[in-house]
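Structure record follows, encoded as structure tokens.
The values are calculated or read from the model by the stated rules, or taken from the named source; none is laboratory data. Predicted, not measured: the structure shown is a model, and the values here were computed from it. Please note: Cβ atoms are built from the backbone with ideal geometry, for glycine as well, and neighbour counts cover all protein chains shown. Accessible surface is based on the protein model in full, side chains and every heavy atom, while ligands, DNA and RNA are left aside. Shrake-Rupley method; radii C 1.70, N 1.55, O 1.52, S 1.80 Å.
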Amino acid sequence: MKVFEKLVFPNGSHIRNRIAKAAMEENMADLNHAPSEELMRLYQAWADGGAGLIITGNVMVDRRAMTGPGGVVLEDEKYLDMFKRWAQIGRSKGAQVWLQINHPGRQMQANLGQETWAPSAVALDLGKMSDRFNTPIEMTQDMIDEVIQRFANTARLGEKAGFTGVEIHAAHGYLLSQFLSPLSNQRQDQWGGSLENRARILIEIVKAVRAVVSDTFTVAVKLNSADFQRGGFSAEDARQVVMMLNLQAVDLVELSGGSYEAPAMQGQARDGRTLAREAYFLEFAQEIGKVASMPVMVTGGIRRKQVAEQVIESGVDMVGIATALAIDPNLPNEWKQGQNNAPELKPIRWENKTLASLANMATVKFQLRKLSLGKTTNPKVSPIWALALQQTAMTCRTHQYKKRMRTYSFAS
């Protein structure tokens, strides 16, 4: 089975199999934005489960810029011992463990009370839910320089904590993805206009990260295959960006897709074929593989061993699995033992796509919460119930975050 063959990265490090636990946003930090006991327990389940690579949920490079109020932040050494323990747990059964490092840009809820940065002052368009997000401030040169250094600093601290790599998040409509898209990046300076200019911040971050970590520390990039919006970041743009990344010391590119405005991973593939439905971005990944000098990973909907095998046999180097591993963290071990388990959630076919996307994420987070408490998951949970629980938890965490940030602002 090719899924269980070793993969060697350009930096010489390797992983024992081709299965990655792809990033999911857990929002399980403690009140100091450090890894909590619940988060440690969750990652122990994935470490025990047999994946060759474990990619963390969002680790923010700036506590003022959060994808969610319960997010993990790594910007200094204050709680580095807890990050060391987190890395140790993730690596305890032989997996590589990477921090997914991120900045939300304009995709930060207004009720967190922070200034919102983006390449241009273009607000999110979420219909009736648009007012949940502020119109962002167009970033100055100093802000751009600061963000580049923050990514590098978090990567440096991640290596110091014992993680084996980082994945720079340039997908799903977050800040680096906003720079890449001509819809959200309307700048006329060196950071906007041509694709080369729009990709400049990503390339500069890769260079800055590489300059402060060791040669054997793995540096990966998560990229949208497309953002599925007319006039936005296209498949051809993504192909060109991968060719730019070929010139940098990048060890893997993970391909995904979509953003808050255009969720891409919540429904059925248009053609209805099983392989396409379970590996949403596979066809594009095969095309990217022809031009990429580094391994390529595809993430999106994979939950069956046969599909994972087909993906690898098609020439893609790794499969990223998220939801299925939220339901059954032991899935890689089960597949290796010959079992054909294929965990899935109930499909959500609501007319409001944004709300359906939120409900889908809430049902995934419901499973993560169960695992973090050492309990059995429940893939049949009502999405309405999961969403209600999630909204309640977010309201509480938002209050805690704002209170903490007031203390932080006063102290600094």
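Cα to Cα, under 26 Å, and not fewer than 8 places away if on the same chain: which lysines meet these conditions relative to residue 403? Excluding near neighbours in sequence, the set is 78, 365. Note on residue 146 and residue 186: their simple-model spin labels are 2.4 nm apart, each label 7 Å out from Cα toward Cβ.
Taking every protein chain into account, the accessible area of region 1-149 amounts to 36 square angstrom per residue (probe 1.4 Å).
Taking every alpha-carbon pair under 8 Å whose residues sit at least 6 apart, the chain reaches a relative contact order of 16 percent. Relative to the Cα centre, what is the charge dipole magnitude of the chain, using +1 at the beta carbon of each Lys and Arg, -1 at the beta carbon of each Asp and Glu, and rounding to the nearest 20 debye? Taking the Cα centre of the chain as origin, the dipole is about 1140 debye.
Peptides 296-302, 179-185, 373-379 ranked from most to least packed give 296-302, 179-185, 373-379, packing being the mean of other C-beta atoms within 10 angstrom over each peptide's residues. Here the 3J(HN,Hα) profile of region 132-144, calculated from phi with Karplus coefficients 6.51, -1.76 and 1.60 at θ = phi - 60°, is 6, 10, 6, 5, x, 7, 5, 5, 7, 4, 5, 5, 4 Hz, Gly and Pro shown as x. Each label was represented as a point 7 Å from its Cα along the Cα-to-Cβ direction; for residue 76 and residue 137 these points are 2.0 nm apart. Full extension of the chain segment joining residue 400 with residue 286 gains 36.6 nm, where the gain is 0.36 nm per residue of separation less the Cα-Cα distance. For a modelled paramagnetic label at residue 391, 7 Å from Cα along Cα-to-Cβ, the residues of region 116-137 in reach, with backbone nitrogen under 13 Å, are 129.
In this label model, residue 128 and residue 160 are separated by 4.8 nm, measuring between points 7 Å along each Cα→Cβ vector. If you sort 187, 303, 349, 132 by accessible surface, 1.4 Å probe, largest first, the order is 349, 132, 303, 187. Among 290, 353, 160, the largest mean-square fluctuation in a Gaussian network model of the chain (Cα springs under 10 Å) belongs to 290.
When 350, 86, 385 are compared by accessible area of protein heavy atoms, the largest-first order is 385, 350, 86, using a 1.4 Å probe. Restricting attention to region 7-345, close to 10% of DSSP beta bridges with both partner residues there are antiparallel. Toward the positive end of the charge dipole of the chain, with +1 on the Cβ of Lys and Arg and -1 on the Cβ of Asp and Glu, the farthest Cα among 43, 221, 382 is that of 382. Taking every alpha-carbon pair within the chain, the share separated by more than 35 Å comes to 19 percent.
For residue 103, the accessible surface of its heavy atoms amounts to roughly 10 Å² (probe 1.4 Å, protein chains only, rounded to the nearest 10).
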